[in-house]
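Chemist: Pasting in a structure now, in structure tokens, and then I'll have a few things to ask.
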Amino acid sequence: MQTVHDKGARREIKVVQRVLKVNERMAEENRRRFAEKGVFVVNVMSSPGSGKTATLQKTLARLMPEVRAAVIVGDVSTTHDADRLAVTGAPVVQVNTDAFGGDCHLAAHVIEKAADDLDLEAIELLIVENVGNLVCPAEFDIGEDARVVVLSVTEGEDKPVKYPTMFRTCDAAILNKIDLLPHLDYDKEQAVAYIRQVNPAMPVFEISARTGAGMDAWIGWLREKIKSKLKAKS
Amino acid sequence: MHEMGIALQIIEIATASIPPELGPQKVEKVNLKIGKLAAVVPDSLRFCFEIASRETPLAGAELAIEETPVVARCKACNERWTIDEPAFSCRGCGSGSLEILSGRELDIVSIEILQEGEDADGPR
């Protein structure tokens, strides 16, 4: 919408537009495209070093080949994560955001382009491993069905209240590295309480990607989501 | 953190908003509304905008930023209030089940250009 009116010697032109509208429109297009193919898209976010890649490696090992999955991995640079995930046999598209100005997040247009390199007919699950960052990815819709945040017991318990937007906009949380709890002063109850404070209804999966502990509940949750998405398509 | 990308979007939207019938125009001011939860640092945005707007109709334009407060509504007890701290739960019943009514805005409200004929030879 646009109206023009006077304001002293200046002329003010009303714009009233969301700056991120382009991203939001693109995200909706992505969402439509994925829905058409019955692909469940999960946007996995965390701070660097929480064990996102290890968690996803184990997740794929548990789901494949019965669930056909692909991964889009975002990093500022290197293909290290893509190399680790390719071992699972899932098609992996690496996005290096330094081509986009070293971006701190994946935006919808980046996902659109990366998805072009995937055969969407051949998958039911698309995992997007976002850039390690608890701030910016929360602001960018990429056309996902669910958002999952990974945090680990080697970080501060107060991550959820320090980054409330991230935790408020996510559908599930994974608390990783629980095998290390005996060696740490980490107050797990406090961490979960902080998550509940920001997002009371969010499921929290306590896991160790290293030992495989606690993976069942997380895998079960993901399977349910994939199933409902496929059902919605047919 | 992604202020440069936002600056580029602002320049694109603002440039497209200049009515074409006015011909080439210089934008003097961009009025923005940015929520305190939008993860945008105004100083950083101004810095990026100044660099990114060079050789565009927005070169030298002022970014007037109205920061909007975070207003929440409790889904449990319907309390509404303005929040100052980063993490929060309902001040009434303590529930964390909140709807953010405002505070995440990142909007261009308007652009300002000089009236035709006025200030034609003036500074800038």
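The values are calculated or read from the model by the stated rules, or taken from the named source; none is laboratory data. What you see is a predicted model; the values in this text were computed from it and never measured. For neighbour counting, all protein chains shown are included, and Cβ atoms are generated from backbone atoms with ideal geometry for every residue, glycine included. SASA here: full protein model, heavy atoms, side chains in, ligands and nucleic acids out. Shrake-Rupley method; radii C 1.70, N 1.55, O 1.52, S 1.80 Å.
Chemist: Which of the cysteines in chain A are isolated, no other cysteine C-beta under 4.7 Å?
Modeler: For chain A, the answer is A:Cys170, because their Cβ atoms have no other cysteine Cβ under 4.7 Å.
Chemist: For a Förster distance of 30 Å, can you work out the FRET efficiency between the beta-carbons of B:Asp84 and B:Val41, rounded to the nearest 0.05? Walk me through the numbers before you get to the answer.
Modeler: Values: r = 18 Å, r/R0 = 0.59.
Between B:Asp84 and B:Val41 the formula returns 0.95.
Chemist: To the nearest 20 debye, what charge dipole does the protein assembly as shown have about its Cα centre, counting +1 at the Cβ of each Lys and Arg and -1 at the Cβ of each Asp and Glu?
Modeler: Around 1180 debye, computed over the protein assembly as shown.
Chemist: I'd like the antiparallel share, as a percent to the nearest 5, of DSSP beta bridges with both residues in the protein assembly as shown.
Modeler: If I count the DSSP bridges inside the protein assembly as shown, around 45 percent turn out antiparallel.
Chemist: Order A:His109, A:His183, A:His80, most accessible first, counting only protein heavy atoms with a 1.4 angstrom probe.
Modeler: So the residues, ranked largest to smallest area, are A:His183, A:His80, A:His109.
Chemist: Could you give the nm distance between label points at B:Val109 and A:Ala232, where each point is 7 Å from its Cα heading toward the beta carbon?
Modeler: Reported label-point gap for B:Val109 and A:Ala232 is 3.7 nm.
Chemist: Mind jotting down the distance between the C-alpha centroids of the range B:41-88 and the range A:165-185, whole Å?
Modeler: After rounding, the separation between the Cα centres reads 30 Å.
Chemist: Could you give the angle, 0 to 90 degrees to the nearest 10, between helix B:3-16's Cα long axis and the longest principal axis of the Cα atoms of chain B?
Modeler: The helix B:3-16 is inclined about 60 degrees to chain B.
Chemist: At R0 = 35 Å, how high is the FRET efficiency between B:Cys93 and A:Leu181 if r is their beta carbon distance? Nearest 0.05 is fine.
Modeler: So the FRET efficiency works out to roughly 0.60.
Chemist: Now a separate question. When a/c is below 1.5 the answer is rounded, else prolate if a/b is larger than b/c, else oblate, so apply that to the protein assembly as shown with a ≥ b ≥ c taken from the square roots of the Cα gyration tensor eigenvalues.
Modeler: Verdict is prolate for the protein assembly as shown.
Chemist: Here's another thing I want to ask about it. Apply 1/(1 + (r/R0)^6) to the Cβ-Cβ distance of B:Glu50 and A:Glu36, taking R0 = 41 Å, and write down the FRET efficiency to the nearest 0.05.
Modeler: Efficiency, from the Cβ-Cβ distance: 0.45.
Chemist: What dipole magnitude, in Debye to the nearest 20, does the range A:1-146 give about its Cα centre under +1 on Lys/Arg Cβ and -1 on Asp/Glu Cβ?
Modeler: Dipole of the range A:1-146, to the nearest 20 debye: 520 debye.
Chemist: Where the only charges are on Cβ atoms (+1 Lys, Arg; -1 Asp, Glu), what is the dipole of the range A:117-166 about its Cα centre, to the nearest 20 debye?
Modeler: 400
Chemist: Next question. Only residues of the range B:56-75 count here: report those whose backbone N is under 17 Å from the spot 7 Å along Cα→Cβ of A:Ala9, or say none.
Modeler: B:61-62
Chemist: Among rounded, prolate and oblate, which fits the range A:5-69 when a ≥ b ≥ c are the square roots of the eigenvalues of its C-alpha gyration tensor, a/c under 1.5 means rounded, and a/b larger than b/c means prolate?
Modeler: oblate
Chemist: Accessible area of the range A:179-225 with a 1.4 Å probe: how many percent of it is carbon plus sulfur?
Modeler: Ligands and nucleic acids excluded, carbon and sulfur give 50 percent.
Chemist: Measure nothing fancy, just the Cα-based angle from helix A:215-233's long axis to the longest principal axis of chain A, in degrees from 0 to 90, nearest 10.
Modeler: With rounding to tens, the tilt is 50 degrees.
Chemist: Calculate one ³J(HN,Hα) per residue across the range A:109-123 by plugging θ = phi - 60° into the Karplus curve 6.51 cos²θ - 1.76 cosθ + 1.60, and present them in order as whole Hz with x for glycine and proline.
Modeler: 5, 5, 5, 4, 5, 5, 5, 4, 8, 10, 8, 5, 5, 9, 10
Chemist: For B:Ala76 and B:Lys26, calculate 0.36 nm times their separation in residues minus their Cα-Cα distance, and state this gained length in nm to one decimal.
Modeler: Working it through step by step, the gained length comes to 13.0 nm.
Chemist: For chain B, take the longest principal axis of its alpha carbons; what is the angle in degrees between that and the long axis of helix B:42-52, to the nearest 10 within 0 to 90?
Modeler: Value to nearest ten degrees: 30.
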